[in-house]
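Enquirer: Encoded as structure tokens, here's the structure I'll be asking about.
The values are calculated or read from the model by the stated rules, or taken from the named source; none is laboratory data. Quick caveat, the model's predicted, so the values are computed rather than measured. Cβ sites come from the backbone with ideal geometry, for glycine too, and all protein chains shown count toward neighbours.
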Amino acid sequence: MREAEPHLKDFSIERLRTRFAADGIEPWRAEQVAGWLYARGVEDPAQWTDVSAALRDRFANAWQRRALEWDAVSVSADGTVKGRLRARDGALIESVMIPEGERNTLCISTQVGCPLACSFCATGALGFTRNLGVAEILDQVCRMREKLAPEQRLTNVVFMGMGEPLLNLPNVIEAVRVLLHPKAFALGPRKITVSTAGVVPKIATLLQSVPVNLAVSLHAPTDAVRDVLVPINRRFPLAVLFEALRALPEVSVRRPIFFEYTLMQGVNDSLDDARRLVRLVRGLPSKLNLIPMNAHADAPYRPPHEADVARFAAVLVGAGLTVTVRRPRGADIDAACGQLAARGARPAA
Ligand code: SF4
């Protein structure tokens, strides 16, 4: 297959209709194709039984339909599955499926590496190679769904893997549209969360374009510490970030902002830090996810003491905030937050 051929998964259904019309294909075929590719997960046009033979040949010969292949897979003792997937140019991308009761949450990547270089993050230590295309974002969902048991279904997608989603915003928005479309993945808007380290100028565009949850990787309540942990804070410091967040009309009690806060021993886990955090988010509809740091080779930080995590959380709860302490998932296979670095998994079966 030549690279110049267009990729069916590079288009939202709306844009595929326009493209089909320009190519002399009935626009409603876009929904039909989405049904096969995404709802049924069938990529071979030979099996698209309600499509004419001539059109099946055309899709088989003139369009690409698969962007990622399996490179490796690891399964954690807690059931978390990490997939390492290979793009056409050889780039390796990681995605993580996290089963939790009825819920199966898939964490997907948006870039190869990441330019933001957060100092506690294994992806940041890789540097940045390139943005992922829409098809490469969506194919993570297609491939990882293959690892679910027949009785399981994908319920949630979080854009929290490798890369900063808002630095690849047009492709993220296009992919979200496919995740939401009733003929494609048919996920509900509250089931999709897009995370940012704080690319302030792009946040409003995201929420105006697609009805997703917003997560902000906060990790520190002062500029002095956040400048080190999340260096984009030097461009968009906390005052600028929170002024922008408070101005978002989409944010409400029913649609709060999720703040991610990775606790690191002696860095950002003191009671004073907890009180500063309370002052920072006061009055802003929000939910706080506390994530005890996972140890990994590239980070100079250590996991917090359990007692400190409990005390930190108690301050937030005492101030009336909604707080979750996230259990580390998949830490034994380097699939937990901040550990994705596309290395060290066994080859896929
Ligand atoms: S934490 Fe996110 S934004 Fe920061 S370097 Fe890692 S992948 Fe990039």
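Enquirer: Report, ordered by the first and then the second residue, all pairs with beta carbons closer than 6 Å, sequence separation of six or more or different chains, a first member in region 151-178 that is within 27 Å of Glu100 (Cα to Cα), and a second member that is assigned to a helix (DSSP H, G or I) and within 13 Å of the ligand (Cβ to nearest atom).
Expert: Taking only residues 6 or more apart or on different chains, the pairs are Phe159/Pro165; Val172/Pro165.
So that you can scan it fast, the table gives a plain yes or no per residue for (1) at pLDDT below 95; (2) closer than 22 Å to Ala125 by Cα:
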residue: Glu260; (1), (2): no, yes
residue: Ala274; (1), (2): no, no
residue: Leu280; (1), (2): no, no
residue: Asn294; (1), (2): yes, yes
residue: Val317; (1), (2): no, no
residue: Gly330; (1), (2): yes, yes
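Enquirer: Given the conditions (1) assigned to a loop (DSSP other than H, G, I, E, B); (2) under 30 Å from Glu94 (Cα atoms); (3) in contact with a Leu (Cβ under 9 Å, 6 or more places away or on another chain), and given that Ile25 satisfies all but one, which numbered condition is not satisfied?
Expert: Of the numbered conditions (1) assigned to a loop (DSSP other than H, G, I, E, B); (2) under 30 Å from Glu94 (Cα atoms); (3) in contact with a Leu (Cβ under 9 Å, 6 or more places away or on another chain), the odd one out for Ile25 is (2).
Enquirer: Considering only region 258-273, I want to know if a residue exists there that is in contact with a strand residue (DSSP E or B) (Cβ under 6 Å, 6 or more places away or on another chain) and part of a loop (DSSP other than H, G, I, E, B).
Expert: So far as region 258-273 goes, yes, one or more of its residues are in contact with a strand residue (DSSP E or B) (Cβ under 6 Å, 6 or more places away or on another chain) and part of a loop (DSSP other than H, G, I, E, B).
Condition check ((1) in a helix (DSSP H, G or I); (2) farther than 19 Å from Leu166 by Cβ; (3) not charged (D, E, K, R)) across all residues:
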{"residue": "Phe236", "(1), (2), (3)": "no, no, yes"}
{"residue": "Val251", "(1), (2), (3)": "no, no, yes"}
{"residue": "Arg254", "(1), (2), (3)": "no, yes, no"}
{"residue": "Val278", "(1), (2), (3)": "yes, yes, yes"}
{"residue": "Asn289", "(1), (2), (3)": "no, no, yes"}
{"residue": "Arg302", "(1), (2), (3)": "no, yes, no"}
{"residue": "Ala307", "(1), (2), (3)": "yes, yes, yes"}
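Enquirer: Of all residues in region 76-98, which are away from the ligand (no atom under 16 Å from the Cβ), at pLDDT 95 or above and surrounded by fewer than 18 Cβ atoms within 10 Å (Cβ to Cβ)?
Expert: Scanning region 76-98 gives Arg86, Arg88, Asp89, Gly90.
Enquirer: Could you count how many residues in region 138-168 are buried (at least 21 other Cβ atoms within 10 Å of the Cβ), within 16 Å of the ligand (Cβ to nearest atom) and assigned to a helix (DSSP H, G or I)?
Expert: Matching residues across region 138-168 total 4.
Enquirer: If I go through region 214-237 residue by residue, how many of them are surrounded by 18 or more Cβ atoms within 10 Å (Cβ to Cβ) and more than 16 Å from the ligand (Cβ to nearest atom)?
Expert: Count: 1.
Enquirer: For region 82-113, give me each residue that is in contact with a helix residue (DSSP H, G or I) (Cβ under 7 Å, 6 or more places away or on another chain) and assigned to a strand (DSSP E or B).
Expert: Lys82, Gly83, Leu85, Ile93, Ser95, Met97, Leu106, Gln111, Gly113
Enquirer: Pick out the one residue from Ala46, Ala54, Ala72 that is surrounded by fewer than 20 Cβ atoms within 10 Å (Cβ to Cβ) and part of a strand (DSSP E or B).
Expert: Ala72
Enquirer: Further, regarding this structure: Name the single residue that is nearest to Leu68 (Cα to Cα) among those in region 1-43 being crowded, with 16+ Cβ neighbours inside 10 Å and of a type in the set (Phe, Trp, Tyr).
Expert: Tyr38
Enquirer: Being under 21 Å from Asn233 (Cβ atoms), surrounded by 24 or more Cβ atoms within 10 Å (Cβ to Cβ) and without any contact (Cβ under 8 Å) to a residue 12 or more places away in the chain is the requirement here; does Gly124 meet it?
Expert: Yes.
Enquirer: For region 191-210, what are the residues that are assigned to a strand (DSSP E or B), among the β-branched types (Val, Ile, Thr) and within 16 Å of the ligand (Cβ to nearest atom)?
Expert: Once the filter is applied, which keeps residues that are assigned to a strand (DSSP E or B), among the β-branched types (Val, Ile, Thr) and within 16 Å of the ligand (Cβ to nearest atom), region 191-210 yields Thr193, Val194, Thr196.
Enquirer: Which residue is surrounded by the fewest Cβ atoms within 10 Å (Cβ to Cβ), if the candidates are limited to region 238-277 and must be under 18 Å from Pro300 (Cα atoms) and of a type in the set (A, V, I, L, M)?
Expert: Val267
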